[in-house]
1. Between residue 68 and residue 91, what's the calculated FRET efficiency when r is the beta-carbon distance and R0 is 25 Å? Round to 0.05.
2. How far is helix 280-292 tilted, in degrees, relative to the longest principal axis of the Cα atoms in the chain, given as a value from 0 to 90 rounded to the nearest 10?
3. Where does helix 108-117 land angle-wise versus the long Cα axis of the chain, in degrees 0 to 90, nearest 10?
4. Given R₀ = 45 Å, what would the calculated FRET efficiency be for residue 174 paired with residue 137, taking r from the Cβ atoms and rounding to 0.05?
5. Quick one: grab the alpha carbon gyration tensor of the stretch 164-257, order the square roots of its eigenvalues as a ≥ b ≥ c, and give me rounded if a/c is under 1.5, else prolate or oblate depending on whether a/b is larger than b/c.
6. Along the principal axes of its C-alpha atoms, what lengths does the chain span, in descending order and rounded to whole Å?
7. Relative to the longest principal Cα axis of the chain, at what angle does helix 60-88 sit, 0 to 90 degrees, rounded to 10?
8. Could you let me know the centre-to-centre spacing of the stretch 89-110 and the stretch 202-247, using Cα atoms, in angstrom?
């Protein structure tokens, strides 16, 4: 039997949590997946999985063997990718996870330029605002915008600083007045971004120190584009990444405030599994974004 394929089957069973899901992922019948896992148990003379009609879990030996199989598969794929890249240039499939709003409003154009420069690359974008499990979900690189990243075993490459700006429509400012200080912000008309680390309180630093404003808006969302639309309709004040509203600020449909007070910026990171051999196509994308994004017209 093909031991490498058997390892792939075993890893997908562990990572997806079931034989049926692994079967769908690998486009193999469930019986074939089962035979390969049984083959590995016979080969290692070890029970790798405890299975009942309802549950499945790794044994202690199975967990150690899974880690070994994962390393073998990752190293093999990375080495094959490098060998192919040497002869064929940058090509192949890259699966990228990106935040929804930032991906649609800012990053999309840069992905298109990258693909124009590398016509043999297949770029698969998955827009999601939640943290993905790169290995389990088969993602090559994830773009994450945060003030700081949690410690992990992943490699994190900083791409750019994301400045945030307080802004609203001209009609809103005419009605409520343009604030010159954070304490003048109409807290009940602020629009919270629910996934933000400062969703309910906005903190500003200025020459006179630090100030915090409670955010109690009547409209809130987990998507920045919805909040920007509400801002342009005159429904309230938003604290949003400048790159998302750069065009609206230029054409005057949104007007900034508190330009002398700074909020903590977010940073955009490229995150990928810590592997000894990073495929050239993934390295090319990360380097492209690292060089291009800080100089993007904001």
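1. FRET efficiency, residue 68 to residue 91: 0.25.
2. Taking the Cα atoms of the chain, the angle to 280-292 is about 10 degrees.
3. 50
4. 0.45
5. Note, shape of the stretch 164-257 comes out rounded.
6. 75, 47, 33
7. In the chain, helix 60-88 runs at an angle near 80 degrees to the longest axis.
8. Using only Cα atoms to place each centre, the spacing works out to 25 Å.
Read the figures in this text as sums done on the coordinates, not as results from a lab. A quick note: this is a predicted structure, and the numbers were derived from the prediction, not measured. Here Cβ is always computed from backbone atoms with ideal geometry, including for glycine, and neighbour counts include all displayed protein chains.
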